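Here the structure comes first, spelled out in structure tokens, and everything after it is commentary.
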Amino acid sequence: MASFLTQLRIIGWAVVEAAFLLVVLCILLNIILGAEAGAFIAGVARNATDFLQGLPPGVFLGIVLIAAIYGLVRSRLQP
């Protein structure tokens, strides 16, 4: 059972990472292509922009800093 949960966790994080990369790719394509990007790419970029602009100032920066510190500490503690 523990092996199944470990595999499920690994697959879940892979899906989350793929979705994050898809959003970043859509934003970059929207910046590069502009109006020629298409409806899906423009919609994803617009939703991401609206979400980030709706956050109070400093929240996004705080989340990024916490994630960076977590990654740094985790990499230093592993052998």
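Laboratory data are not the source of any read-out in this text; all were calculated from the coordinates shown. Just so you know, these numbers come straight off a predicted model, no measurement behind them. Because the Cβ atoms are built from the backbone with ideal geometry, glycine has one as well, and the counts that use them run over all protein chains shown.
Quick notes on this structure:
- Gaussian network model of the chain, springs between alpha carbon atoms under 10 Å - residue of VAL59, VAL23, VAL44 with greatest fluctuation: VAL59
- In the chain, the chymotrypsin sites (Phe, Trp or Tyr not before Pro) that fall in loop regions by DSSP, at most 16 other Cβ within 10 Å: none
- Stokes-Einstein D for the chain, Kirkwood Rh over Cα pairs, 10 °C, 1.306 mPa s (µm²/s): 104
- Whole-Å distance, taken between Cα centres, linking the range 22-79 and the range 2-17: 22
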